[in-house]
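For reference, the structure discussed in these notes is given below.
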Amino acid sequence: MNLSAYIYLATLLFALGALVVLLRRNTIIVFMGVELMLNACNLALITFARMHGTLDGQVYALFVMVVAAAEVVVGLAIIMSIYRARRSASVDDANLLKL
Amino acid sequence: MFTAPEIDYLALLPLIVVFAGGLIGCLLEGFLKRSVRVSAQLWLTIGTLVIALVTLVWVARDNQGITAAGAVTIDGPTLMLQGLLLVLSILGVLVMSERLGGTTPDAFTQSGVSVPGSAEEADAVRLGGTTTEIYPLALLAVGGMMLFPAANDLLLMFIALEVLSLPLYILSGLARRRRLLSQEAALKYFLLGAFSSAFFLFGAVLLYGFAGSMRLDVIAEAIGTETGLDGLLIPGILLVATGLLFKIGAVPFHSWTPDVYQGAPTPVTGFMAACTKVAAFGAMLRVFYVGVEAARLDWQPILAAVAAITMVIGAVVSIVQTDIKRILAYSSIAHAGFILTGLLALEQVGASSTMFYLAAYGFMTVPAFALVALVRSAGSEATHVNQWAGLSRRAPWMAAAFSFLLLAFAGIPLTSGFTGKFAVFAAAIANDYAWLAVIGVLASAVTAYIYFKLIVLLYFGESRTDTVVVTPSALTTFAVVCGVLVTLGLGVAPAPVLDLAANAAQFLR
């Protein structure tokens with residue numbers, strides 16, 4: 001099968017993730033959009049690794065997974081503390097900081 | 001066949017010292033008694049930063065080179081920016097430790113996890129003596145910032161970006177007063193930061209697809225040769241640029257800046273504003289000067305447009321702001337535009353003027369935010385401009401220092417702001433960006449208007465009785481005096497630092 005199809009799929013997933021971030025209102029879902037974007041990067045990485053015939057891309061993907069996990073830890077902690085203070089996980093409710 | 005990479009530990013010593021200090025700080029957090037934790041952590045943090053600075057000057061400087069399998073470059077720009085970061089973060093940590101007569105750092109909550117206004121929070125306040133997690137977090141952030149401009153590999157750059165960002169997200173959410181605002185700032189910073197770093201990563205992946213490696217020198221070699229995937233180059237560069245422009249707060253990726261600057265604890269804002277900018281511009285210099293310089297015709301016009309609208313929006317929108325921290329935030333956006341103007345020159349003078357401006361901006365910003373934290377009303381910070389009216393009569397020294405820093409922000413001669421602006425605009429004019437310099441001068445004039453209005457308000461406004469200026473301890477005083485002296489020094493006698501920046505501006509490729 002043509003490898004470039006995986007690149008198109010990764011780009012599509014990345015765009016979907018970006019749309020989720022821009023359109024959804026629940027912080028958890030927004031955060032899932034970001035994770036989808038990172039995983040789209042992983043898919044593209046291992047496809048390019050196959051195309052170039054080197055292992056670099058696969059190793060890069062492992063690093064990205066670790067970073068994504070670290071991001072989840074910090075992100076969920078922040079989202080949880082906001083949720084407990086306000087009983088709401090909507091990004092629209094976080095509107096105290098305005099001009 | 002796997003071969004172990006050569007790692008020049010001496011060149012990386014400053015980084016290793018900072019990260020080790022951060023990890024020891026995490027351990028102390030678990031083992032030390034509450035009563036000794038604050039002073040122990042403060043000494044550890046300052047000690048670590050000073051040792052790192054000493055190793056940078058005495059050890060790493062003599063061990064320059066590309067190391068760690070080509071992932072890290074220790075060269076002139078890296079060393080200059082790392083040194084600048086260390087000095088600025090020493091001042092930043094001193095300001096963070098300001099207690100204002102209490103027993104714990106004043107700007108930070110006793111318990112970041114507790115719900116604002118809950119019994120749990122009251123318990124934490126009664127027990128007291130905590131808030132020390134800010135020190136290891138700050139150290140780890142400084143470590144990431146020092147790695148960011150040194151990274152010669154886009155993957156390492158992405159990791160450094162996350163290492164510097166994650167602690168800052170947490171630090172922004174730890175304000176003692178107005179905690180809901182602070183948590184909201186942390187949430188916005190986190191979501192938008194994660195979003196932009198995903199763009200950075202996708203750009204890096206596309207460049208990997210293009211060149212077969214994320215190393216900047218390999219990418220630089222691949223530009224101009226037929227790789228079969230040449231269509232990936234320009235989207236890759238633009239996506240990487242998106243992630244970097246977000247970190248420096250350039251328009252159109254600036255919307256987080258005013259909110260986060262306003263909501264975060266004021267000392268953290270000063271630290272973050274100064275140090276993140278230094279680190280991100282360092283990384284930008286490396287990507288654009290070492291990595292993709294050969295494709296300049298494709299990205300330079302876009303970056304020039306970004307610089308132009310950044311200066312204009314930053315300057316114009318600051319006029320309608322009524323909050324001091326937001327005014328400083330929009331000023332930081334405008335300054336990002338000015339620095340981009342220097343960066344666009346794309347030769348040695350561009351790198352040196354950018355680094356000089358970063359030094360000038362850093363030494364104005366940390367003390368400016370330190371002074372903002374001293375103006376109080378009913379126990380919390382008074383950041384509305386009307387609350388600052390007539391402050392000079394009650395706090396002449398504070399008003400004088402703040403006015404001087406505002407003059408430096410505006411770029412008045414005899415301050416570092418003037419020298420910095422002169423350097424970047426001269427670099428731009430010498431490289432066919434005269435129109436950008438003209439926009440820059442006009443934008444400076446607009447920002448000067450808002451700063452002068454503020455100074456007039458400080459000196460001639462109707463004095464308000466509910467606003468007080470608290471007397472700072474030696475920590476803040478030292479940081480402010482240092483910042484003001486450097487700002488004055490770089491304005492009156494800039495030659496040594498200009499020479500230092502010029503000598504350090506040669507990238508290793």
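The values are calculated or read from the model by the stated rules, or taken from the named source; none is laboratory data. Just so it is clear, the model here is predicted, and its values are computed rather than measured. Glycine also receives a Cβ, built like all others from the backbone with ideal geometry; neighbour counts cover every protein chain displayed. Areas reflect the complete protein model, heavy atoms only, side chains present, ligands, DNA and RNA absent. Shrake-Rupley method; radii C 1.70, N 1.55, O 1.52, S 1.80 Å.
Residue-by-condition table, conditions (1) surrounded by fewer than 15 Cβ atoms within 10 Å (Cβ to Cβ); (2) at pLDDT 95 or above:
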{"residue": "B:Val481", "(1), (2)": "yes, yes"}
{"residue": "B:Leu485", "(1), (2)": "yes, yes"}
{"residue": "B:Leu488", "(1), (2)": "no, yes"}
{"residue": "B:Leu498", "(1), (2)": "no, no"}
{"residue": "B:Ala502", "(1), (2)": "no, no"}
{"residue": "B:Gln506", "(1), (2)": "yes, no"}
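What is the one condition in (1) surrounded by fewer than 24 Cβ atoms within 10 Å (Cβ to Cβ); (2) part of a helix (DSSP H, G or I) that B:Leu91 does not satisfy?
(1)
Which one of the conditions (1) within 9 Å of another protein chain (Cβ to nearest Cβ); (2) under 18 Å from the mean Cα position of the chain (by Cα) does A:Asn39 fail to meet, given that it meets all the rest?
With respect to (1) within 9 Å of another protein chain (Cβ to nearest Cβ); (2) under 18 Å from the mean Cα position of the chain (by Cα), A:Asn39 is out only on (1).
Cβ-Cβ below 6 Å, separation at least six or inter-chain, first residue in segment B:429-453 and free of Cβ contacts under 8 Å to residues at least 40 places away in the same chain and within 19 Å of B:Ser353 (Cα to Cα), second among the aliphatic types (A, V, I, L, M) and part of a helix (DSSP H, G or I): which pairs?
Once the first residue is free of Cβ contacts under 8 Å to residues at least 40 places away in the same chain and within 19 Å of B:Ser353 (Cα to Cα) and sits in segment B:429-453, its partners that are among the aliphatic types (A, V, I, L, M) and part of a helix (DSSP H, G or I) give B:Ile429/B:Ala437.
For B:Leu192, indicate whether it is more than 7 Å from chain A (Cβ to nearest Cβ), open to solvent by 10 Å² or more (accessible area, probe 1.4 Å), touching a residue at least 60 places away in the same chain (Cβ under 8 Å) and of a type outside the set (D, E, K, R).
Numbers: more than 7 Å from chain A (Cβ to nearest Cβ): yes; open to solvent by 10 Å² or more (accessible area, probe 1.4 Å): yes; touching a residue at least 60 places away in the same chain (Cβ under 8 Å): yes; of a type outside the set (D, E, K, R): yes.
Considered against the rule, which asks whether it is more than 7 Å from chain A (Cβ to nearest Cβ), open to solvent by 10 Å² or more (accessible area, probe 1.4 Å), touching a residue at least 60 places away in the same chain (Cβ under 8 Å) and of a type outside the set (D, E, K, R), B:Leu192 comes out as yes.
Which numbered condition in (1) surrounded by fewer than 16 Cβ atoms within 10 Å (Cβ to Cβ); (2) more than 22 Å from B:Leu192 (Cα to Cα); (3) at the interface with another protein chain (Cβ under 7 Å from one of its Cβ atoms) is the only one that A:Ala70 fails?
(2)
Which condition breaks for B:Tyr357 when tested against (1) surrounded by 24 or more Cβ atoms within 10 Å (Cβ to Cβ); (2) within 14 Å of another protein chain (Cβ to nearest Cβ)?
(2)
Can you tell me which residues in segment B:307-332 are open to solvent by 40 Å² or more (accessible area, probe 1.4 Å) and either within 13 Å of chain A (Cβ to nearest Cβ) or in contact with a Cys (Cβ under 7 Å, 6 or more places away or on another chain) (or both)? Explain how you work it out, then say what you get.
Restricting attention to segment B:307-332, the residues satisfying the condition of being open to solvent by 40 Å² or more (accessible area, probe 1.4 Å) are B:309, B:312-313, B:316-317, B:319-320, B:322.
Within segment B:307-332, B:Val317, B:Ile319, B:Val320, B:Thr322 qualify.
Read through the list (1) of a type outside the set (Asp, Glu); (2) farther than 24 Å from B:Gln183 by Cα; (3) modelled with pLDDT under 95; (4) crowded, with 16+ Cβ neighbours inside 10 Å, then give the number of the only condition that A:Arg24 fails.
It is condition (2) that A:Arg24 fails.
Could you go through segment B:71-87 and let me know if any residue there is open to solvent by 10 Å² or more (accessible area, probe 1.4 Å), within 22 Å of B:Arg215 (Cβ to Cβ) and in contact with a Lys or Arg (Cβ under 9 Å, 6 or more places away or on another chain).
yes
For segment B:248-257, which residues satisfy the criterion of being touching a Gly at 6+ places or on another chain (Cβ under 8 Å) and in a helix (DSSP H, G or I)?
B:Trp256, B:Thr257 - these are the residues of segment B:248-257 that are touching a Gly at 6+ places or on another chain (Cβ under 8 Å) and in a helix (DSSP H, G or I).
Only residues that are more than 26 Å from B:Asp153 (Cα to Cα) and more than 7 Å from chain B (Cβ to nearest Cβ): list them for segment A:13-26, please.
The answer is A:Leu16, A:Leu19, A:Val20, A:Leu22, A:Leu23, A:Arg24, A:Arg25, A:Asn26.
Report, by residue number, each residue of segment A:52-67 that is crowded, with 17+ Cβ neighbours inside 10 Å and either of a type outside the set (Val, Ile, Thr) or more than 7 Å from chain B (Cβ to nearest Cβ) (or both).
Passing the criteria: A:His52, A:Asp56, A:Gly57, A:Tyr60, A:Ala61.
Counting only residues that are more than 9 Å from chain B (Cβ to nearest Cβ) and open to solvent by less than 50 Å² (accessible area, probe 1.4 Å), how many does segment A:73-99 have?
The qualifying residues number 3.
Here is a yes/no grid of residues against (1) at pLDDT 95 or above; (2) open to solvent by 10 Å² or more (accessible area, probe 1.4 Å); (3) small (Gly, Ala, Ser):
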{"residue": "A:Ile7", "(1), (2), (3)": "no, yes, no"}
{"residue": "A:Leu16", "(1), (2), (3)": "yes, yes, no"}
{"residue": "A:Leu19", "(1), (2), (3)": "yes, yes, no"}
{"residue": "A:Cys41", "(1), (2), (3)": "yes, no, no"}
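Could you list, in sequence order, the residues of segment B:332-350 that are out of contact with any Lys or Arg (no Cβ under 8 Å at 6 or more places or on another chain) and of a type in the set (S, T, N, Q)?
Hits for segment B:332-350 are B:Thr341, B:Gln348.
Say whether the condition of being farther than 13 Å from B:Phe195 by Cβ, of a type outside the set (A, V, I, L, M) and more than 17 Å from the chain's Cα centre (by Cα) is met by at least one residue in segment A:61-71.
Checking segment A:61-71: not a single residue is farther than 13 Å from B:Phe195 by Cβ, of a type outside the set (A, V, I, L, M) and more than 17 Å from the chain's Cα centre (by Cα).
Going through segment B:176-189 one residue at a time, which ones are touching a strand residue (DSSP E or B) at 6+ places or on another chain (Cβ under 7 Å) and either open to solvent by less than 10 Å² (accessible area, probe 1.4 Å) or more than 9 Å from every other protein chain (Cβ to nearest Cβ) (or both)?
B:Arg176, B:Arg177, B:Ser182 - these are the residues of segment B:176-189 that are touching a strand residue (DSSP E or B) at 6+ places or on another chain (Cβ under 7 Å) and either open to solvent by less than 10 Å² (accessible area, probe 1.4 Å) or more than 9 Å from every other protein chain (Cβ to nearest Cβ) (or both).
Would you pick out the residues in segment B:245-267 that are open to solvent by less than 10 Å² (accessible area, probe 1.4 Å) and touching a strand residue (DSSP E or B) at 6+ places or on another chain (Cβ under 8 Å)?
Hits for segment B:245-267 are B:Gly263, B:Ala264, B:Pro265, B:Thr266.
For segment B:125-165, how many residues meet the condition of being in a helix (DSSP H, G or I), open to solvent by 20 Å² or more (accessible area, probe 1.4 Å) and within 14 Å of chain A (Cβ to nearest Cβ)?
Let us first name the residues in segment B:125-165 that are in a helix (DSSP H, G or I), namely B:125-127, B:134-147, B:154-165.
Still in the running and open to solvent by 20 Å² or more (accessible area, probe 1.4 Å): B:125-127, B:137, B:140, B:147, B:156, B:159, B:163.
Still in the list and also within 14 Å of chain A (Cβ to nearest Cβ): B:137, B:140, B:147, B:156, B:159, B:163.
Of the residues in segment B:125-165, 6 are in a helix (DSSP H, G or I), open to solvent by 20 Å² or more (accessible area, probe 1.4 Å) and within 14 Å of chain A (Cβ to nearest Cβ).
Under 7 Å between Cβ atoms, which residue pairs at least 6 apart in sequence (or on different chains) link something in segment B:103-121 that is at the interface with another protein chain (Cβ under 9 Å from one of its Cβ atoms) with a partner that is of a type in the set (Asp, Glu)?
B:Ser114/B:Glu120; B:Ser114/B:Glu121; B:Val115/B:Glu121
Out of B:Thr131, B:Thr78, report the one residue that is under 25 Å from A:Arg86 (Cβ atoms) and within 25 Å of the chain's Cα centre (by Cα).
Values: B:Thr78 fails: under 25 Å from A:Arg86 (Cβ atoms).
Step by step, each of B:Thr131, B:Thr78 is checked, and only B:Thr131 is under 25 Å from A:Arg86 (Cβ atoms) and within 25 Å of the chain's Cα centre (by Cα).
Assuming A:Thr27 fulfils every condition listed in (1) without any contact (Cβ under 8 Å) to a residue 40 or more places away in the chain; (2) within 24 Å of B:Leu164 (Cβ to Cβ) apart from one, which condition is it?
(1)
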